[in-house]
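Before any comments, here is the structure.
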Amino acid sequence: MKKNVLWCDNCLNLLVEFCRPIYVRALARILGVLLIGSGAMAAAALDAPWPKVAIVRENNPPAYYWKAEPAGESAQLLTLFCGSCGAASESQGDLPLLAVLRDTLGDENDGNDRVIYVWLLGYSRPTIGQRLLSAIPFFYWHIGHGSSPDGKREIKPFFNLTAPRHPVLTQVGRDILQYTTLDPMMMPVRATSRAYRTNELNHERLHLEEAISYLRQAPASNSAKELSTSEVNTVIARLELRKKLLGGLVSERRAKKLGEAASLEQERNRSRNWELLRSSAERTGLVFEPVALGGTTDQYAVLWMPAEPAPEQVRSGANLGPTWKLLGIKNPWPNAVRTGPGRTPLAFYSLNYPNQPLLLVDFRDKSRTRRHELMQRTINEVTSGVIGVSHFANWYYYVAADLYDFVVSRHGRAMNQAERLDCYSQFRVSLALDRDLDPKFRKELQQRVNSLSLNPLETATVRELASSRERYELLEAEAQQPDGWLAKRLDKERRAELASIGRTGKSKFFAGALHVASLGFYTRRAPRADGNLARLDSYRRVEHDLNFLEGLINAGTPPEVVYQPARIQSAVTELASLLPQISLRPVRIRAEQTLSNLRDLSQDADLRAGFSSALASIERPSAGPRIATAVADMAAEDLP
């Protein structure tokens, strides 16, 4: 271990020698001042009395459920409620958290359903005053309560799943404007614009993760009154991809797989962090206890100092330096001063951070986590905003910084600022929705989580949740109007979808670029016509069947092994009956390739005959209905 530490110290010394420009030395002086000040604050905090409180009264997790309501004659508004969440729910009933609009085209066939919009009902749009404060460099406090829910502006969707490319192009355009126009200007312009952009992106990411955390708790089924598992995974994937610069360019099929993979990856992180924190507590003589917070399980944990003193080798800290560094706290045994019996809380952790538990609250050092965030934000603003370090001209600085972060993170420091923000977003929401923690302990945690808020655009979680009912009532009233704003907007989304069917990725990209360049005034849409719903129904059902059949091909085994032959025959029958109505050549070519590949994979004679019949319907469109009937008869014979 000592050899590894020596090797890392040598690497860091080389990095310092590598980064010798004047602005780096100036940054080091600034950081030195911050470290001296933070050390004094930490010393004062260690002398403060430790809280002696119970943690949990009883574990009664809140219940999440969907409420389905019609939105016009051909859509559905699904609202996610939390039963018995937060203190406000005692007098006002269950709390609406999130809503989605599902376009059903007015029938009961789930093969043509699409989730169009997502509303985060507690999301408060920043006021002008908040936006002005967010443009002030080194201003790390939030003042104000956000906008009040009033009018159509407050029922504007939080995320549009039908146009994921538009935010990508908007963000790329803003980055180009920043690099080419604002950065070469004088320092005040550069620092102001970068501070505002950073706060804006962090504010959006904070609420994206909030919506994702709600959806992970939501029930899923094939019922018409709930989202299906596939729909939930797709929405989660789209929200996750929005955090990435080019995430909106990912296809629908790929997004669904990413949603499933993201859930599995988070479960792996929790399991690994759970065991890592438990074993670390055992080595250091502390008590590990998981905490169910706001309906979540296995996501948070607290470390306690036990009532009995630890063995001498633990109190002395022999060979436990890396463990204390991983836990993010100092060894409490040398300075342990007991004022009464019972356990004492030491630290509160999130188990969702990749690779290691993330320290959220240090009960002995109240400002520890805030100092860490302030230091990283200050470094970023000094280098990019004040000094003007460029990713292009000064690329070597960012290479050295990334290498430093990598080395330090391997030794127990949480250096990923974006992932820390995600964990903070989950924690603030779970804490606001919880009703089972001891009130004194919850108040202590609430004070600490408020100190982590560095963004002037942010609004207190309690106030956001309190205004969610008002936004839900506005949205519910708008959904009941057959010719209202929401119905007109849904019609535009359907015509835009019709216009994009069969177009290449390049064509969709340029259409999105025109939309962004015109500030949203231009969008390629199909003309209004009486048969639009029927055409859209055919295209969506074909897309649904092709996605299902292509999933069988990706398995790489005979399709009858992966799925029931009757279900496969049903999809082929529907595809054979719908393809004669589809005139777009790219769709027909895709269907032909899919059916041909399945025929080659299958070893079932009836299935191979069905695939051949469907291929014949593509080559001879006039024979489509007759062939579809024949395939349906073959499928009926296979049924028991």
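Would you call Leu249 buried (at least 17 other Cβ atoms within 10 Å of the Cβ), within 30 Å of Lys67 (Cα to Cα) and touching a residue at least 40 places away in the same chain (Cβ under 8 Å)? Spell out how you get there, then give the answer.
Values: buried (at least 17 other Cβ atoms within 10 Å of the Cβ): yes; within 30 Å of Lys67 (Cα to Cα): no; touching a residue at least 40 places away in the same chain (Cβ under 8 Å): yes.
For Leu249, the condition - buried (at least 17 other Cβ atoms within 10 Å of the Cβ), within 30 Å of Lys67 (Cα to Cα) and touching a residue at least 40 places away in the same chain (Cβ under 8 Å) - is not met.
Pairs needed: first member in the range 98-114, in contact (Cβ under 8 Å) with a residue 40 or more places away in the chain and over 14 Å from Ser230 (Cβ atoms); second member anywhere, among the hydroxyl-bearing types (Ser, Thr, Tyr) and in a strand (DSSP E or B); C-beta distance under 9 Å; at least 6 residues apart or different chains.
Partner pairs satisfying both residue conditions: Leu98/Thr79; Ala99/Thr79; Ala99/Tyr117; Leu101/Tyr117.
Listed residues Ala68, Ala87, Ala54; which is among the aliphatic types (A, V, I, L, M), modelled with pLDDT of 50 or more, surrounded by fewer than 20 Cβ atoms within 10 Å (Cβ to Cβ) and not in a helix (DSSP H, G or I)?
The conditions single out Ala68.
How about the range 563-589: which of its residues are among the aliphatic types (A, V, I, L, M) and either farther than 20 Å from Ser500 by Cα or open to solvent by less than 30 Å² (accessible area, probe 1.4 Å) (or both)? Before you say what the answer is, go through the steps one by one.
Restricting attention to the range 563-589, the residues satisfying the condition of being among the aliphatic types (A, V, I, L, M) are 566, 568, 571-572, 575-576, 578-579, 582, 584, 587, 589.
Selection gives Ala566, Ile568, Ala571, Val572, Leu575, Ala576, Leu578, Leu579, Ile582, Val587.
What single numbered condition from (1) open to solvent by 50 Å² or more (accessible area, probe 1.4 Å); (2) farther than 20 Å from Leu293 by Cβ; (3) modelled with pLDDT under 90; (4) not β-branched (Val, Ile, Thr) fails to hold for Asn416?
So the condition that Asn416 fails would be (3).
Looking only at the range 517-527, which residues are touching a residue at least 12 places away in the same chain (Cβ under 8 Å) and surrounded by fewer than 10 Cβ atoms within 10 Å (Cβ to Cβ)?
Answer for the range 517-527, where residues must be touching a residue at least 12 places away in the same chain (Cβ under 8 Å) and surrounded by fewer than 10 Cβ atoms within 10 Å (Cβ to Cβ): just Pro527.
Output the qualifying pairs, or none if there are none: Cβ atoms under 9 angstrom, residues six or more apart or on different chains, first residue in the range 583-602 and under 26 Å from Arg535 (Cβ atoms), second residue open to solvent by less than 60 Å² (accessible area, probe 1.4 Å) and among the polar types (S, T, N, Q).
Cβ pairs passing all conditions: Leu595/Ser612.
Can you name every residue in the range 376-392 that is under 16 Å from Met185 (Cβ atoms) and not in a helix (DSSP H, G or I)? Let's see the steps before the verdict.
As a first pass, look at the range 376-392 and keep what is under 16 Å from Met185 (Cβ atoms): 384-390.
Hits for the range 376-392 are Gly388, Val389, Ser390.
Give the range 431-474 a look and list any residue that's hydroxyl-bearing (Ser, Thr, Tyr) and either assigned to a loop (DSSP other than H, G, I, E, B) or open to solvent by less than 10 Å² (accessible area, probe 1.4 Å) (or both), or say none.
Residues of the range 431-474 that are hydroxyl-bearing (Ser, Thr, Tyr), as a first pass: 451, 453, 459, 461, 467-468, 472.
Answer for the range 431-474, where residues must be hydroxyl-bearing (Ser, Thr, Tyr) and either assigned to a loop (DSSP other than H, G, I, E, B) or open to solvent by less than 10 Å² (accessible area, probe 1.4 Å) (or both): Ser453, Thr459, Ser468.
Given the conditions (1) buried (at least 16 other Cβ atoms within 10 Å of the Cβ); (2) within 26 Å of the chain's Cα centre (by Cα), report the number of the one that Val542 does not fulfil.
Against the list (1) buried (at least 16 other Cβ atoms within 10 Å of the Cβ); (2) within 26 Å of the chain's Cα centre (by Cα), Val542 comes up short only on (2).
Here are some residues: Leu475, Leu514. Which one is among the hydrophobic types (A, V, I, L, M, F, W, C), in contact with a Ser or Thr (Cβ under 9 Å, 6 or more places away or on another chain) and in contact (Cβ under 8 Å) with a residue 12 or more places away in the chain?
Testing whether each residue is among the hydrophobic types (A, V, I, L, M, F, W, C), in contact with a Ser or Thr (Cβ under 9 Å, 6 or more places away or on another chain) and in contact (Cβ under 8 Å) with a residue 12 or more places away in the chain leaves just Leu475.
Answer yes or no as to whether Leu486 is part of a helix (DSSP H, G or I) and closer than 14 Å to Ile582 by Cα. Don't jump to the end; show me each part of the working.
Numbers: part of a helix (DSSP H, G or I): yes; closer than 14 Å to Ile582 by Cα: no.
So Leu486 fails the test.
Return a yes/no flag: does the range 107-114 have any residue that is under 21 Å from Tyr539 (Cβ atoms), open to solvent by 40 Å² or more (accessible area, probe 1.4 Å) and modelled with pLDDT of 90 or more. Write out each step before concluding.
Taking the range 107-114 as the starting set, the residues that turn out to be under 21 Å from Tyr539 (Cβ atoms) are 107-114.
Remaining after also requiring open to solvent by 40 Å² or more (accessible area, probe 1.4 Å): 107-110, 114.
Then keep just the ones that are modelled with pLDDT of 90 or more; that gives 114.
Yes; the residues of the range 107-114 include at least one that is under 21 Å from Tyr539 (Cβ atoms), open to solvent by 40 Å² or more (accessible area, probe 1.4 Å) and modelled with pLDDT of 90 or more.
Residues being hydrophobic (A, V, I, L, M, F, W, C), in contact with an Asp or Glu (Cβ under 8 Å, 6 or more places away or on another chain) and under 18 Å from Arg343 (Cβ atoms): count how many of those fall in the range 254-291.
The first filter runs over the range 254-291 and keeps only residues hydrophobic (A, V, I, L, M, F, W, C), leaving 255, 258, 261-262, 264, 274, 276-277, 281, 286-288, 291.
Among the residues that remain, those that are also in contact with an Asp or Glu (Cβ under 8 Å, 6 or more places away or on another chain) are: 258, 262, 274, 288.
From what's left, under 18 Å from Arg343 (Cβ atoms): 288.
Residues flagged as hydrophobic (A, V, I, L, M, F, W, C), in contact with an Asp or Glu (Cβ under 8 Å, 6 or more places away or on another chain) and under 18 Å from Arg343 (Cβ atoms) within the range 254-291 amount to 1.
Might you check whether a residue that is of a type in the set (Val, Ile, Thr) and under 24 Å from Phe548 (Cα atoms) occurs anywhere in the range 242-257? First the steps, then the outcome.
If we filter the range 242-257 for residues that are of a type in the set (Val, Ile, Thr), which is where we start, we get 250.
Those still in the list that are under 24 Å from Phe548 (Cα atoms) too: 250.
Yes, the conditions are met somewhere in the range 242-257.
Give the residue, chosen from Ala211, Ala261, Ala255, that is assigned to a helix (DSSP H, G or I) and crowded, with 22+ Cβ neighbours inside 10 Å.
On the way: Ala261 fails: crowded, with 22+ Cβ neighbours inside 10 Å; Ala255 fails: crowded, with 22+ Cβ neighbours inside 10 Å.
Going through Ala211, Ala261, Ala255 in turn, just one is assigned to a helix (DSSP H, G or I) and crowded, with 22+ Cβ neighbours inside 10 Å: Ala211.
Go through the residues of the range 305-324 one by one and say whether even a single one is at pLDDT 90 or above and more than 19 Å from Leu452 (Cα to Cα).
Taking the range 305-324 and keeping what is at pLDDT 90 or above, we get none.
Within the range 305-324, none of the residues are at pLDDT 90 or above and more than 19 Å from Leu452 (Cα to Cα).
Under 30 Å from Glu210 (Cβ atoms) and loosely packed, with under 15 Cβ neighbours inside 10 Å: is that true of His411 in this structure? Show your work before the answer.
Values: under 30 Å from Glu210 (Cβ atoms): no; loosely packed, with under 15 Cβ neighbours inside 10 Å: yes.
Answer is no for this residue.
Go through the residues of the range 219-236 one by one and say whether even a single one is in a helix (DSSP H, G or I) and within 10 Å of the chain's Cα centre (by Cα). I'd like the intermediate steps shown before the answer.
Our first condition is that a residue be in a helix (DSSP H, G or I); within the range 219-236, this holds for 229-236.
Of the ones still in play, those that are also within 10 Å of the chain's Cα centre (by Cα) are 235-236.
Within the range 219-236 (the criterion being in a helix (DSSP H, G or I) and within 10 Å of the chain's Cα centre (by Cα)), the answer is yes, since at least one residue qualifies.
Counting just the residues of the range 214-245 that are in contact with a Lys or Arg (Cβ under 6 Å, 6 or more places away or on another chain) and in contact (Cβ under 8 Å) with a residue 60 or more places away in the chain, which one comes out surrounded by the most Cβ atoms within 10 Å (Cβ to Cβ)? Give the steps one after another, and end with the answer.
Here is the first cut: in the range 214-245, the residues in contact with a Lys or Arg (Cβ under 6 Å, 6 or more places away or on another chain) are 233-234, 243.
With the extra rule that they be in contact (Cβ under 8 Å) with a residue 60 or more places away in the chain, the set shrinks to 234, 243.
Numbers: Thr234: 23, Lys243: 16.
Here the residue is Thr234.
The values are calculated or read from the model by the stated rules, or taken from the named source; none is laboratory data. In this text, all values refer to a predicted model and were calculated from it rather than measured experimentally. A quick note on method: Cβ atoms are made from the backbone with ideal geometry, for glycine too, and the neighbour counts reach across all protein chains shown. Keep in mind that these areas ignore ligands, DNA and RNA; they rest on the heavy atoms of the full protein, side chains included. Shrake-Rupley method; radii C 1.70, N 1.55, O 1.52, S 1.80 Å.
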